[in-house]
Structures are given as structure tokens and as C-alpha cells.
Amino acid sequence: MPSTPPVLPRSFLYVPGIKPDLFPKAAAGPADAVILDLEDAVPVNRKDEARTSVQSWLLAQRERPSSRPGTVRQQQWARLNADDFAADLQCIASTALDGVFLAKCTASSLQETAGLLADLEAEGRLAPGVGIIGLVEDAAALMDLVSITGSRRLVTLGIGEVDLMADLRMSRGATTEPALDSIRARIVMACSSAGLSAPVAPTSTDIRDLESFEQTGRKMQDLGFRSRTAVHPSQVQVINHVFTPAPDAVEAAREALAVFDGGSGGVTVDSSGRMIDAAVIRSAQETIARASAS
């Protein structure tokens, strides 16, 4: 049976690269991963300042013990500029960096970024295996998903929904939501068919409406997303709650695996009479892996 792709963090919290005072606060918070943002959150004339701040923080993380004892280690990611990712990486390279989000990704930019990551690893400036999450943010990327998902080092995709909608001339509302769901499903299918991890769901800039944020998170999970980005700390707990498998789902998954392992061929059913086949086992394995990573 094919192995399942790696489980990614449930929550990714964006932190502006020009606000280093927020870095330790984010590190002490509940987010599974922090995205040190060099792109949208940073004005053009302050890019170098942001790179320096992120560089200093990541270099310090190599020697600093976790500020969240007893929990899964928080990952450190960075979002790179589409038109200047090489300068970003050359400055912030550190063995504390777990991965990068590549803004407005293309097959070409992913290839170049993968090559640069390999070079920096060979120089000892990055730990082995730094991955890329490509952000689909325009129509061209949406039409080139097959090439994009074949890129080296690509872990999965995310959606820059605001930029993508602007490029498609779409407005957000009840009438366009089905079209957005169709786009989201295309991203999920592209990642699944390429054997990548489940994609990262887009955030919401309405940081006060957490009820709606939870509802949309559950819909994203139903569509096949397993992580989500946050632009405010208040969103993180909601994401962690939504994307953590419920105890009854974990129990059912364990039962399915036990029944399957103890079967002697033919049709196998669990205690509720549900037939246990290869598809059920794949889902059960994913549920257990997600629960173990939470």
C-alpha cells in the first residue's frame, strides 16, 4: 500500500518581517508554524530591513531552546518574494529554517528556488530537506498545475486567494463561492495526483469574525485541505481545533486498522458494520498520522 505524504503543521501564522518584536510572541504562541513574511507585509523600501530582522531571528533559533516545552516543535518558515526570492534566501539562510512559501509560484521559479536551496544546503547554510510550498496566485499558475506539481522539493500548494481573485476579476460573495470551491478542489486534486501533502487553505482578513472563520475552515477540511494560514493570532486556536481529528474519529481509525490487520482476507467489517477496504485504511492512516502530529 502506498505510503502517505508527510503531515504538515495545522496552523501557519504570518508574522511581518519588519516587526521583530512580534517574533518571540509568535514563537511562544500555539501556532504549529510561523511564516516570517518578506512579501506582502513588507513595503518595497523596507525589504532589506525585513531580511536582516528575519536573518537575526533565525540565526538565534539555532541555539535557543523551545519556548513551548512539552509540545511539538514549532516550525520556522519564510514567505519569499516572487521577483526577488534569490536575495531573500541568500540573506535569511539558516539551519533553523524548515521551509519556504514561494509567492506567485511558477514552474520556472520553483525550479530556480529548488536549485538555490540545494546550493545553500551544500554550503551548510541550510539543514537538509528544506521544502517549498508554492502559492497559486494567478490564472497562469492555475492553468499550469501539472507542471508546477512536478517541481522538485515542492511539498504542497497553497492559495493566495485575494491575488488570484483579482487576477480572475472575481468578487467575493455568495454567487462566486461555488466557483471558488471549484478552484480549491482543483488545487486539492493536483496535489493528490502528484503525491504531495494536502494543500494549505487560504486565510481570511476578517480577523473579528471567528465564527465564520471556523465554518469556512470546516468546509476547507471537507474539500481536502489539512492546514490553514492565519494573519492574526486569534485565528490560530480556531485552525488548530478544526484541523485536529476528533477523538471519535481517531478511535474509529484505530479500530479500522486493527480489524484490517486481524482479518484473514475477504470482506472485513468493523463493529458498526462498515466495510473496511483499502480506501478506508488510507483514510484511517491519515487520521492517525494527523492526530500524532498534533
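Extending 7 Å from Cα along the Cβ direction at V146 and again at S294 yields two label points whose distance is 3.8 nm.
Averaged over residues, the count of other Cβ atoms within 10 Å places the peptides 188-198, 252-262 in the sequence 188-198, 252-262, highest first.
Using bins of 10 Å that start at zero, the share of Cα-Cα pairs per bin across the range 163-260 amounts to 14, 38, 35, 10, 3, 0, in whole %. Between the range 158-181 and the range 193-214, the C-alpha centres lie 13 angstrom from each other. What FRET efficiency comes out for S234 versus S108 if R0 is 25 angstrom and r is the Cβ-Cβ distance? Round to the nearest 0.05. Plugging the Cβ-Cβ distance into 1/(1 + (r/R0)^6) gives 0.10. Per residue, the average separation of C-alpha pairs within less than 8 Å and at least 6 apart gives the chain a relative contact order of 18 percent.
Using bins of 10 Å that start at zero, the share of Cα-Cα pairs per bin across the chain amounts to 6, 27, 34, 23, 8, 2, 0, in whole %. Near V242: Cβ cut-off under 15 Å, other residues only, Lys/Arg at +1 and Asp/Glu at -1. The net charge is +1. When each of the peptides 239-247, 274-282 is scored by the mean number of other C-beta atoms lying within 10 Å of its residues, the order from highest to lowest reads 239-247, 274-282.
The trypsin sites (Lys or Arg not before Pro) of the range 132-181 that DSSP puts in a loop, and whose beta carbon has at most 15 other beta carbons within 10 Å, are R152, R169, R172. Normalised by 2.2 N^0.38 Å, where N is the number of residues, the alpha-carbon radius of gyration of the range 2-128 equals 1.04. Separation of the range 27-57 and the range 102-131, taken as the distance between their Cα centroids, equals 18 angstrom. Under 11 Å from a label point set 7 Å out along the Cα-to-Cβ vector of C91, the amide N atoms of the range 1-41 belong to 17-18, 38-39.
Residue separation of M189 and S283 scaled by 0.36 nm, minus their Cα-Cα distance, works out to 32.3 nm of gained length.
Charge tally around A284: other residues with Cβ under 14 Å, Lys/Arg +1 each, Asp/Glu -1 each, net -3. Count Lys and Arg as plus one, Asp and Glu as minus one, and take only other residues whose Cβ is under 14 Å from that of L117; the net charge is then -3. In this simple spin-label model, placing a label point 7 Å from the Cα along the Cα-to-Cβ direction at both R274 and D83 gives a separation of 5.0 nm. In a reduced charge model with +1 at each Lys and Arg Cβ and -1 at each Asp and Glu Cβ, the range 205-245 shows a dipole moment near 160 debye about its Cα centre. Sorting 20-27, 35-42, 283-290 by their mean Cβ neighbour count within 10 Å, with the most densely packed peptide first, gives 35-42, 283-290, 20-27.
Each reported figure results from applying straightforward, stated rules to the coordinates on display, with no laboratory input. Values in this document were obtained by computation on a predicted structure and should not be read as measured data. Here Cβ is always computed from backbone atoms with ideal geometry, including for glycine, and neighbour counts include all displayed protein chains.
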